[in-house]
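Read through the structure below, which is laid out as structure tokens, and then see the notes.
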Amino acid sequence: MIRYLSILFLLIFISCSNDGTNRNPYLLEVSFRFDANLNLPEYNPLTNIGTAIPISSNLAGTRGVFVINTGFDQFRAFEASCPNHAPNDCSTMSLNGQVVTCSCEDYEYSLFTGQLLNRPEDGKRYYDLLEYRASLTGNTVVISN
């Protein structure tokens, strides 16, 4: 009986996994909440599927936030500071359609997936965009962390 309990305990112990996430060491995860009312002219472009807009740094995120309408009343929001180095003079990314670019290394990221599109193949660790929560409530996109 003790043998069976030992085996059961061993199986339970082995099956436990560490589901911890790998935090980005370059970006602080700041707490904020921002409401983008789609009736206002500066946020109205988000009513169109595939359209992305920047939200300035003094309103959300570390260096601002990029928000995109991905369709079916779904929105995604990402930090505007490049995730592959500490914030500095060139780390605030620029928006070009549905892609954002870091001027430090010309890294490009998709706003649909958050993934680094031109990932170097040098064996080093590269991070994708830091994503924030974005949800549609009535006619307002609520972005928070």
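The values are calculated or read from the model by the stated rules, or taken from the named source; none is laboratory data. For clarity, every value in this text was computed on a predicted model and none was experimentally measured. Cβ placement follows ideal geometry from the backbone for every residue including glycine, while neighbour counts extend to all protein chains displayed.
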State whether the residues of region 2-10 include one that is modelled with pLDDT of 90 or more and surrounded by fewer than 14 Cβ atoms within 10 Å (Cβ to Cβ). no
Conditions: (1) at pLDDT 95 or above; (2) surrounded by 14 or more Cβ atoms within 10 Å (Cβ to Cβ). S135 meets all but one. Number of the miss? (2)
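Confirm whether A52 is touching a residue at least 12 places away in the same chain (Cβ under 8 Å), within 14 Å of T140 (Cα to Cα), surrounded by 12 or more Cβ atoms within 10 Å (Cβ to Cβ) and not polar (S, T, N, Q).
Here the answer is no, as A52 does not meet what is asked.
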Taking region 109-125 and keeping only residues that are at negative phi and within 14 Å of the chain's Cα centre (by Cα), one is left with Y109, S110, L111, F112, T113, Q115, L116
Can you say whether N69 is of a type outside the set (D, E, K, R) and under 20 Å from E42 (Cβ atoms), as far as the supplied structure shows? yes
Looking at N39 and the list (1) surrounded by fewer than 15 Cβ atoms within 10 Å (Cβ to Cβ); (2) touching a helix residue (DSSP H, G or I) at 6+ places or on another chain (Cβ under 6 Å), which single condition is not satisfied? (2)
Single unsatisfied condition, E105 versus (1) at pLDDT 95 or above; (2) out of contact with any Gly (no Cβ under 7 Å at 6 or more places or on another chain): (1)
Within region 111-139, can you find the residues that are touching a Leu at 6+ places or on another chain (Cβ under 6 Å) and either small (G, A, S) or more than 14 Å from V65 (Cα to Cα) (or both)? G114, Y126, D128, N139
Six or more apart or on different chains, Cβ atoms under 6 Å: show the pairs whose first residue is in region 113-140 and closer than 21 Å to A86 by Cβ and whose second is in a loop (DSSP other than H, G, I, E, B) and basic (K, R). Y126/R119
Given the residues T101, T62, which is the only one that is farther than 23 Å from S31 by Cβ, buried (at least 17 other Cβ atoms within 10 Å of the Cβ), of a type in the set (S, T, Y) and free of Cβ contacts under 8 Å to residues at least 60 places away in the same chain? T101
Residue count, region 79-112 (criterion: in a loop (DSSP other than H, G, I, E, B) and of a type in the set (A, V, I, L, M, F, W, C)): 8
